[in-house]
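Undergrad: Please see the structure below; I have some questions.
Rule-based calculations on the coordinates, nothing more; no lab input. What you see is a predicted model, and the numbers here were worked out from it, not measured in a lab. No Cβ is skipped: glycine too gets one built from the backbone with ideal geometry, and neighbour counts run over all protein chains shown.
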Amino acid sequence: MEKENKKSNALKEKLFIKRENGYSRISSEDEKACMAFSEDYKNLLNKAKTEREAVEEAVELLKANGFIEYKRDMKLSAGDRIYRINRGKSVIMSIIGTAPIEEGIRLCAAHIDSPRLDLKQNPLYEDHELALFKTHYYGGIKKYQWTAIPLALHGVIIKADGTTVTVSIGEDENDPVFYVTDLLPHLATEQMTRTGAKLIKGEDLNLLIGSVPFREDECSEAVKLNILNILYEKYGITEADFISSELEAVPAFKARDIGFDRSLIGGYGHDDRCCSYPALRAAVDCKAPVHTVVTVLTDKEETGSDGNTGLCSSYLEFFIYDIAANLGANGRHVLSASECLSADVNAAFDPTFPEVAEKNNCAFINRGVCITKYTGARGKSGTSDASAEYTGRIRRLMDSKDVIWQTGELGKVDMGGGGTVAAYIANLDVDTIDMGVPVLAMHAPYEAISKLDLYMAYKAFSVFIAD
Ligand code: MN
Ligand code: MN
């Protein structure tokens, strides 16, 4: 009996897939690096809550590491480190490889926009002596989650004379914050009978911004006037200037460790900072790659990637064509030979909501970076579905470099679905697969990820671009 057991155990060891907690096999060296990386990441989360701020932080890091802004008349050669900013909301960085660029580039694509509440273009109003901003939510949110939490306001206002005012209020301990109200439970009898989608409606997401009236003389809309007066004195803006503004209300929370063992990180915008920061750091830390490296941190993923700062536009393609031409190559040939990691998050299995996950095919916290062959909804609608061959190549690469990884798709079949930028890059004739960090409570104002998974994303992107 014992003998037979031994045989089956040996066979299982040989034949069964291994799906184990990453802490059972992470090296002490990696574990140490993982903790340091997590501290850098929390810093970034606190500094870059919008796509514009993420671009600024990225460019600062790039400049400090030998990257220079690409100009078309520059002559490129191996080892050059360049970047190009797209309208302040996306950034592409590249390191020219030693191999001819026709052999293809190693592309990493992550997004730096996150769900939030955007101000409408005519946002300010007074109602019963309270001043409020109308908002229009951005990305897929559960609207009720955005009430009764402190919110900060970030963005830009382009004034009538064309000058730019940059706004960031609510992050400093001494700043005021803003607030969307919810009903008290005592009077929520009717509200609590609504379905979740209607619990708080889109037009209920009004930001409370003040209550003191203008007092020098009697007038109508005195609270609104007082707010405008404060804004005029501080920023020199008038009400009409909101028309040409992009102001985003985001959670005012700071990133913190979660748990007695501090193994998780709570923060706003893990989707997709927990992939875009590792992708950026992988590029910055990459020395003399063989293949040309291109990393793009893009905008507008959360609204479907349309618009000239999203990856449905041609800005990435144009950049690759430009550097290909600069190096004497045909851009189309370069793309066809290229490989891409679409660096975006996946849903982590949540033991409180097991019914939406199919346990053999979902991502778990601490099992490492997640490789997702396809995304989409229903019958794989809207996905690129990486080939078995390319999936096999990435799997071999990860195993050969001791990256702790797992595979998972987004929830049960027909439970919902979602997509990433993978399809748009694959449409350029590039081999593409999704790879990213599993997230708990994705798209909530405060999301959670594991430090181990975050570090493994950095390691995965690093070995991919160096290969
Ligand atoms: Mn995402
Ligand atoms: Mn998302």
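Undergrad: Taking a temperature of 10 °C and a viscosity of 1.306 mPa s, what whole-number D in µm²/s does Stokes-Einstein yield for region 172-315 with Rh from Kirkwood over alpha carbon pairs?
TA: Values: Rh = 20.8 Å.
For these conditions, the coefficient is 77 µm²/s.
Undergrad: Residue farthest toward the positive end of the dipole of region 139-223, with Cβ of Lys/Arg at +1 and Asp/Glu at -1: which of LEU207, TRP146, GLY196?
TA: Of LEU207, TRP146, GLY196, it is GLY196.
Undergrad: Okay, next question. List the lysines whose Cα sits under 17 Å from the Cα of LYS234, skipping any in the same chain fewer than 8 residues away.
TA: Counting by Cα, and skipping residues close in sequence, LYS234 has these lysines nearby: LYS159, LYS224.
Undergrad: Which of the listed residues, HIS270, ALA377, TYR315, is farthest toward the dipole's positive end in region 234-377, when Lys, Arg count +1 and Asp, Glu count -1 at the beta-carbon?
TA: HIS270
Undergrad: Can you give the direction-averaged projected area of the convex hull of the alpha-carbon atoms in region 141-237, in nm²? Walk me through the numbers on the way to the answer.
TA: Working: hull surface 36.6 nm².
Approximately 9.2 nm², given one-decimal rounding.
Undergrad: Kindly write out, for region 425-437 in residue order, the coupling ³J(HN,Hα) from the Karplus curve 6.51 cos²θ - 1.76 cosθ + 1.60 (θ = phi - 60°), rounded to whole Hz, with x marking Gly and Pro.
TA: For region 425-437, the Karplus curve yields 7, 4, 5, 8, 6, 10, 5, 9, 9, 7, 8, x, 9 Hz.
Undergrad: Could I ask something else about it? Where Lys and Arg each count +1 and Asp and Glu each count -1, what net charge lies around TYR390 among other residues with Cβ under 14 Å from its Cβ? Show your work: numbers first, answer last.
TA: Working: positive: ARG106, LYS373, ARG393, ARG395, ARG396; negative: GLU339, ASP385, GLU389, ASP429, ASP431, ASP434, ASP467.
Here the count lands on -2.
Undergrad: Then there's this: Using the Karplus curve 6.51 cos²θ - 1.76 cosθ + 1.60 with θ = phi - 60°, work out ³J(HN,Hα) for each residue of region 253-265 in order, rounded to whole Hz, and write x for Gly and Pro.
TA: Each residue of region 253-265 in turn: 5, 8, 5, 9, 5, 10, x, 4, 8, 6, 7, 10, 10 Hz.
Undergrad: Do the sum for the chain: with -39,500 (n - 2.57) for every DSSP H run of n ≥ 4, divided by all residues, what is the mean residue ellipticity at 222 nm, to the nearest 500 deg cm²/dmol? Could you put the intermediate results ahead of the total?
TA: On the way: 11 runs with 132 residues, N = 467.
Helix-only estimate at 222 nm: -9000 deg cm²/dmol.
Undergrad: Which of the peptides 15-26, 223-234, 416-427, 448-459 is most tightly packed, and how do the rest follow, going by the mean number of other Cβ atoms within 10 Å of each residue? Spell out each step's value before the answer.
TA: Working: 15-26: 12.1, 223-234: 16.6, 416-427: 21.4, 448-459: 26.8.
Top of the packing list down: 448-459, 416-427, 223-234, 15-26.
Undergrad: Once every Cα of the chain carries one equal point scatterer and solvent is ignored, give the base-10 log of I(q)/I(0) from the Debye formula at q = 0.09 Å⁻¹, two decimals.
TA: Evaluating at q = 0.09 Å⁻¹ gives log10 I(q)/I(0) of -0.64.
Undergrad: With 5 Å bins from zero, work out the P(r) of region 362-467 over every alpha carbon pair and list the percent per bin.
TA: Percent of Cα pairs in each bin: 2, 13, 21, 24, 22, 13, 5, 1.
Undergrad: Just to be sure I understand the model, the point goes 7 Å from the Cα along the line to the Cβ. What's the resulting CYS219 to ASP182 distance in nm?
TA: 3.7
Undergrad: Pop out the Kirkwood hydrodynamic radius of region 1-107 from its pairwise C-alpha distances, inverse of mean 1/r, in Å to one decimal.
TA: On the way: mean 1/r = 0.0539 Å⁻¹.
Every distinct Cα pair counted, the radius reaches 18.6 Å.
Undergrad: How long are the semi-axes of the equivalent ellipsoid of region 1-47, taking √(5λ) for every eigenvalue λ of the Cα gyration tensor, in whole Å from largest down?
TA: On the way: eigenvalues 337, 23, 9 Å².
In descending order the semi-axes read 41, 11, 7 Å.
Undergrad: Among SER8, GLN406, ALA426, whose Cα projects farthest towards the positive end of the dipole of the chain, with charges put on the beta-carbon of Lys, Arg (+1) and Asp, Glu (-1)?
TA: Result: SER8.
Undergrad: With the alpha-carbon atoms as the only input, what is the per residue convex hull volume for region 111-183 in Å³? If you can, show how the numbers build up before the last one.
TA: Numbers: hull volume 10.5 nm³, N = 73.
It is 144 Å³ per residue.
Undergrad: How would region 74-115 be classified by its alpha-carbon gyration tensor: rounded, prolate or oblate, with rounded meaning a/c under 1.5 and the a/b versus b/c comparison settling the rest? The partial results should precede the final answer.
TA: Values: a/c = 3.65, a/b = 1.84, b/c = 1.99.
Oblate.
Undergrad: Here's another thing I want to ask about it. May I ask which of LYS14/LYS380; LYS6/LYS373; LYS75/LYS401; LYS120/LYS198; LYS6/LYS459; LYS89/LYS287 have a Cα-Cα span longer than 29 Å here? Please list the in-between numbers first.
TA: Details: LYS14/LYS380 32 Å; LYS6/LYS373 35 Å; LYS75/LYS401 34 Å; LYS120/LYS198 20 Å; LYS6/LYS459 36 Å; LYS89/LYS287 26 Å.
With Cα atoms farther than 29 Å apart: LYS14/LYS380; LYS6/LYS373; LYS75/LYS401; LYS6/LYS459.
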